[in-house]
Amino acid sequence: MKIPQEKLEEIAQANDIIDVISSYIPIKKRGKGFLALCPFHTDKHPSLNISQEKQVYHCFSCKASGNVYSFVQNYEKITFFETAEKLAARAGIELKLKQSSPDVSNEISMLFEINKIAAKFYNHNLDNLNESEKDFIYSYLVKRKIKRQASVKFGIGYAPKEWDSLLNHFKEENLFRTEDLEKAGLIIQSDKDKNKYYDRFRGRLMFPIFNENDKVVGFGGRKLYDDDPGGKYINSPETKIYSKSKILYGLNFSKDSIRALDNLILVEGYMDVIALSQADISNVVASSGTSLTEEQVRLISRYTKNVTVLFDADLAGIKAAKRGIEIILEAGLDLNVVTLPEGEDPDSFIDNKGKNEFLKLLYKKQSIINFISSLYEKENKLNSVNDKTDFIKEIIGYVSRIPDKIKRVFYVKELSSLYNLYESDLRDELNSAVVKFKKETFPPTSLKIPERKSLKDVKRGEQPSQEEMDLIDIFINGDDESISYLENNLETSYIKNKLILKIIEVFLDEYLNEGRIEVSKIINQLDSEDAVSLITKCSMNKHELSVSEKQSKNNLLGSPHKINIDYQKFAKDVVKKFKINELEEEIKNLGKDESKINEIVELKKRINELSKS
Ligand SMILES: [Zn+2]
């Protein structure tokens, strides 16, 4: 049985870690924290540190660490569920797992709740159609091959034709004000009579749009009736919880399989995701009509570095998709293409040819660079000198976006041999394209994501660098501005230590979803003891960090008993240090190659500028 995260938080909040631990062992206050003899090893001097502020503990001797749940669980040697029951009982919280009353304490959670009720309403309608609608809707579902199972999984529903069916449903529930429904984008104020409202979605097949945490954030409504003057799809407007450019449709259902397969299939629409899911191909998301955005690519990169796109495109189609391709390449993701026969979409293809044929297509995927090259060839665009020049320029434009030098070189070699071009020509063109691109994007955006390192490259137990530890410190102890600075300026490629990278990804996830980072809560989500130990340790010893000397000046001005760290400045300094490290690394790699002297000088100049900034 799974206890909802909100419930776990509620229980944790009602069980102060100091109260709970001191009910098991004696603890002493020391400074800001608390100390105890560690019960998890034979401890002679108190080495268990407990932070009331962060609600975590950490033993500097045996590294035992965690939150209130892990303490009770490990001390009593019981299951997590029993621990939750015990702590709930201790605080007088009823652990009713069926229905909890909705949390509408703030606007965000209220909008989630409204969308959830609306999704249930639409979904319920589909099972309770009146006779006149029934035949029509069901035959539509049959025609689109939407099976019962899929309509349950994806929560597909029906918005009746009436002007106010959803509005009336909410009136019966009597939970929300009309303004709140409008904020959720579900109803629209009438132009003629400002006191009147009507349903946004009428007579449409409804696809709830979920965020990656299974919460309904909006809807897409597919037109059903010929007399409907609206477009084929109507979507929820942008709201506080729904931003089209930040959502990938289907990600909540597919994220586990994307991680497991280390590959994501990107399709266009809701129906493609559903059709592939019905064929048991589940690592699929849709960008839902918009061209791919940086936010979406960032979201993808948290789950995999390998993207497969289905294209039925010709060169004109590639030009239209140019920006999306560039964004994916710039992020350092591997982009492969599967070509569908003309006029087919995944839906129709699987329907006509079956799942196995589709899987065969997937095996035949091509890198985007090779795909575009072969299009040029197919369209006979490689004959004249002019054609070849166009080709080189375009293809090199794409290659120059790839952050990994070695990969770029690899493509140049391959292209030169495949299409009988001089490697030196390609190389020259590439070098100037890279310089141009770097100029355009300097300072670098936060988007670039590093190559996925193979496990061989990562030494086990590699010590995190001071800067990497500083990052964790800022995420845990920093203010909102400093974290948001990191969110925008930190390139994950800076982070070499795998464990730290994993932690930072969890932090970023939490920060983007919840707007803040709560250590004791994150601990429940981490499956690595090393990670928990590192985080709890950072929660304890923030005074011992490298910047403490720099801070000492501020401290004289600050309150005498508290070290006031300027986390915003700290965050900027850490990012700067990372950048300098990267440049120094690059210089080291260029080594003593004399032909590279200009490049080295250029790099040193940039280091100098950075150090002074
Ligand atoms: Zn210990």
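The values are calculated or read from the model by the stated rules, or taken from the named source; none is laboratory data. This one's a predicted model, so the numbers in the text were calculated from it and none came from an experiment. Because the Cβ atoms are built from the backbone with ideal geometry, glycine has one as well, and the counts that use them run over all protein chains shown. Accessible surface is based on the protein model in full, side chains and every heavy atom, while ligands, DNA and RNA are left aside. Shrake-Rupley method; radii C 1.70, N 1.55, O 1.52, S 1.80 Å.
Less than 5 angstrom separates the built amide H of Ala64 from those of Cys59, all sequence-distant by 5 or more or on a different chain.
For the stretch 608-613, 3J(HN,Hα) computed residue by residue from phi via the Karplus equation (6.51, -1.76, 1.60; θ = phi - 60°) reads 4, 4, 4, 4, 7, 5 Hz, glycine and proline entered as x.
Using the alpha-carbon positions of the chain, Rg (one decimal) and Dmax (whole number) come out as 28.1, 85 Å. Working ranking of peptides 185-198, 399-412 by packing, defined as the average number of other Cβ atoms within 10 Å per residue, highest first, is 399-412, 185-198.
Evaluate E = 1/(1 + (r/R0)^6) for Asn380 and Asp262, where r is the Cβ-Cβ distance and R0 equals 60 Å; express this FRET efficiency to the nearest 0.05.
0.95
Mind checking which of Ser374, Leu359, Val385 is farthest towards the positive end of the stretch 306-401's charge dipole, using Cβ charges of +1 (Lys, Arg) and -1 (Asp, Glu) about the Cα centre? Of Ser374, Leu359, Val385, it is Val385. Accessible surface calculations at 1.4 Å, restricted to protein heavy atoms, place the stretch 474-522 at 37 Å² per residue. Could you check what % of the DSSP bridge pairs in the chain are antiparallel, to the nearest 5? Bridges in the chain are about 75 percent antiparallel.
How much net charge surrounds Asp428 when only other residues with a Cβ under 15 Å from its Cβ are counted (Lys, Arg +1; Asp, Glu -1)? Intermediate results must be reported in sequence, preceding the final value.
Numbers: positive: Lys388, Lys393, Arg408, Lys413, Arg427, Lys436; negative: Glu423, Asp425, Glu429.
So the environment of Asp428 carries a net charge of +3.
Would you work out the charge dipole size for the chain about its Cα centre, treating the Cβ of every Lys and Arg as +1 and the Cβ of every Asp and Glu as -1, and quote it to the nearest 20 debye?
1080
If you plug the beta carbon distance of Lys569 and Lys143 into 1/(1 + (r/R0)^6) with R0 = 56 Å, you get a FRET efficiency near 0.35. For the listed peptides 413-419, 270-276, 379-385, 493-499, a ranking on the average number of other beta carbons within 10 Å per residue, highest first, reads 270-276, 493-499, 413-419, 379-385.
Here the label points at Asp425 and Val409, each 7 Å from Cα along the C-beta direction, are separated by 2.3 nm in the simple model.
Applying a 10 Å radius around every beta-carbon, put 500-512, 129-141 in order of their mean neighbour count, most first. Please report the intermediate quantities before stating the final value.
Values: 500-512: 18.9, 129-141: 12.1.
The densest-packed peptide leads the list: 500-512, 129-141.
If you plug the beta carbon distance of Ser348 and Glu162 into 1/(1 + (r/R0)^6) with R0 = 45 Å, you get a FRET efficiency near 0.85.
Under the classification rounded if a/c is under 1.5, otherwise prolate if a/b is larger than b/c and oblate if not, where does the stretch 125-259 fall, given a ≥ b ≥ c as square roots of the Cα gyration tensor eigenvalues?
Verdict is oblate for the stretch 125-259.
The modelled label-to-label distance for the pair Asp314/Ser190, using points 7 Å beyond Cα in the direction of Cβ, is 5.0 nm.
Between the alpha-carbon centres of the stretch 237-288 and the stretch 16-42 there is a gap of 46 Å. Its residue count N sets the reference 2.2 N^0.38 Å, and the alpha-carbon radius of gyration of the stretch 465-521 equals 1.02 times that reference.
Pairs over the 20 Å Cα-Cα cut-off, from the set Lys496/Lys576; Lys364/Lys393; Lys232/Lys319; Lys438/Lys498; Lys405/Lys438: Lys364/Lys393; Lys232/Lys319; Lys438/Lys498.
Calculate what fraction, in whole %, of the accessible area of the chain sits on carbon and sulfur atoms when a 1.4 Å probe is rolled over the protein chains. Mind showing how you got there, number by number?
Details: 16010 of 32440 Å².
Of all accessible area on the chain, carbon and sulfur atoms account for 49 percent.
Extension gain Gln463-Ala91, at 0.36 nm per residue separation less the Cα-Cα distance, in nm? It would help to have the intermediate numbers written out before the result.
Numbers: separation 372, 0.36 × 372 = 133.92 nm, distance 4.04 nm.
Going from the current span to full extension adds 129.9 nm.
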